[in-house]
Amino acid sequence: MGVILTAAAIVAATAIGVGSERRWPRGAAAASRRSLLVVLYAVTPLVYFFNLASTHIDLDEGVGILLALLSNAAAALVVWWVARRFLRLSRPVIGATVVAAMVVNTGYLGFPLTIALLGRHALPTAVLYDALVTAPLLLIGAFAIGAAFGTKSGEATGDRVRAFFTRNPPLYGAVLGLLAPRWLAPEALVHIFQIAVIAVLPIGFFAVGATLAEDAEKGTLPIPPPLTRPVALALAGRLLIAPALLTALAAPLIVLPTTYRLMIVMPTGLSSLMVSHAYGLDNRTVAEVVAWSTAIVVAIALLSLLF
């Protein structure tokens with residue numbers, strides 16, 4: 001039921017975003033950008049603080065976390081190399097492609113799918129992965145890429161470094177969460193902010209729909225979105241290269257937790273749109289990767305329930 005409800009919420013929010021942009025072009029686009037920035041600056045820092053302050057990790061899980069970080073970073077590096085050397089894309093498109101391959105939706109999509117497919121007992125491991133793999137990839141990797149390749153962070157190195165720190169409030173929430181004693185993160189507040197992450201799912205997919213419709217030509221929105229070369233490359237990095245690398249690295253070392261196997265194949269996270277809007281990457285490429293990767297993962301999840 002959780003998978004079905006999640007899929008229904010994604011479809012409905014995306015459709016509302018598309019319809020709103022068609023009816024109120026300027027208002028819908030502006031609203032989607034404002035909502036993403038509200039999530040970035042107001043909600044995400046608190047989510048990371050309370051999740052990290054309440055998290056503990058053992059040695060076996062730690063090895064898997066390190067391997068997952070390495071696998072995702074290596075996949076993003078492969079995507080950057082192909083995009084630059086072979087596809088010769090513009091800097092904002094390269095940045096968008098790499099960010100879309102790196103940022104993972106292990107939170108408000110990964111959590112419901114974990115409960116639906118693996119059971120409620122697997123949720124703490126999913127939260128741990130989200131806090132210690134997805135968060136660093138977003139806070140350090142994706143924001144740094146946005147600052148390096150975006151059009152809104154200045155041309156000088158100093159401008160881009162300043163943009164990384166001034167437009168990265170979740171980083172400070174994460175650092176404080178790691179330093180805070182556990183009593184500052186009571187279970188009730190941790191649950192509240194886990195629900196908050198799930199609750200912003202419609203906001204993110206509203207923005208996906210509005211962004212996809214914003215640049216549609218001649219009043220027609222292609223359904224599904226076009227599978228361009230940057231989109232295909234990002235999908236390969238996110239759904240094929242990163243999982244294959246993690247499986248290969250873990251095989252001789254540990255028995256990889258089932259939850260980690262699920263988390264590594266989650267689609268591109270909605271936070272990639274926050275990064276894209278904040279730094280001036282190619283928003284349409286990111287939105288198309290989010291739409292394609294989410295559709296693929298949710299379709300496979302629904303099929304797994306049938307079989």
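The values are calculated or read from the model by the stated rules, or taken from the named source; none is laboratory data. These figures come from a predicted structure and were not determined experimentally. Glycine also receives a Cβ, built like all others from the backbone with ideal geometry; neighbour counts cover every protein chain displayed. Only protein heavy atoms, including side chains, enter the accessible area calculation; ligands, DNA and RNA are left aside. Shrake-Rupley method; radii C 1.70, N 1.55, O 1.52, S 1.80 Å.
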request  = Scan the helices (runs of 4 or more DSSP H) fully inside segment 232-307 and keep the ones with 1 or more residues being open to solvent by 40 Å² or more (accessible area, probe 1.4 Å) and among the β-branched types (Val, Ile, Thr).
outcome  = 242-250, 258-263, 283-306
task = Please give the number of the condition residue 84 fails out of (1) more than 26 Å from residue 212 (Cα to Cα); (2) in a helix (DSSP H, G or I).
result = (1)
query = With respect to the numbered conditions (1) free of Cβ contacts under 8 Å to residues at least 12 places away in the same chain; (2) under 30 Å from residue 244 (Cβ atoms), which one is the sole condition not fulfilled by residue 73?
reply = (1)
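Collect the residues in segment 191-212 that are open to solvent by 30 Å² or more (accessible area, probe 1.4 Å) and either of a type in the set (Phe, Trp, Tyr) or outside any helix (DSSP H, G or I) (or both), keeping them in residue-number order.
Of everything in segment 191-212, those that are open to solvent by 30 Å² or more (accessible area, probe 1.4 Å) and either of a type in the set (Phe, Trp, Tyr) or outside any helix (DSSP H, G or I) (or both) turn out to be 193, 206.
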ask   = When you look at residue 26, is it modelled with pLDDT of 80 or more, basic (Lys, Arg) and either more than 23 Å from residue 127 (Cβ to Cβ) or out of contact with any His (no Cβ under 7 Å at 6 or more places or on another chain) (or both), yes or no?
value = no
ask   = Looking at segment 41-93, which of the residues that are open to solvent by 70 Å² or more (accessible area, probe 1.4 Å) and among the aliphatic types (A, V, I, L, M) is farthest from residue 248 (Cα to Cα)?
value = 46
query = Do you know which residues across segment 99-115 are crowded, with 19+ Cβ neighbours inside 10 Å and in a helix (DSSP H, G or I)?
reply = 99, 100, 101, 102, 110, 111, 112, 113, 114
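Per-residue answers, yes or no, for (1) out of contact with any helix residue (DSSP H, G or I) (no Cβ under 7 Å at 6 or more places or on another chain); (2) under 15 Å from residue 55 (Cα atoms); (3) among the hydroxyl-bearing types (Ser, Thr, Tyr):
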position	(1), (2), (3)
108	no, no, yes
117	no, no, no
120	yes, no, no
128	no, yes, no
133	no, yes, no
139	no, no, no
145	no, no, no
148	no, no, no
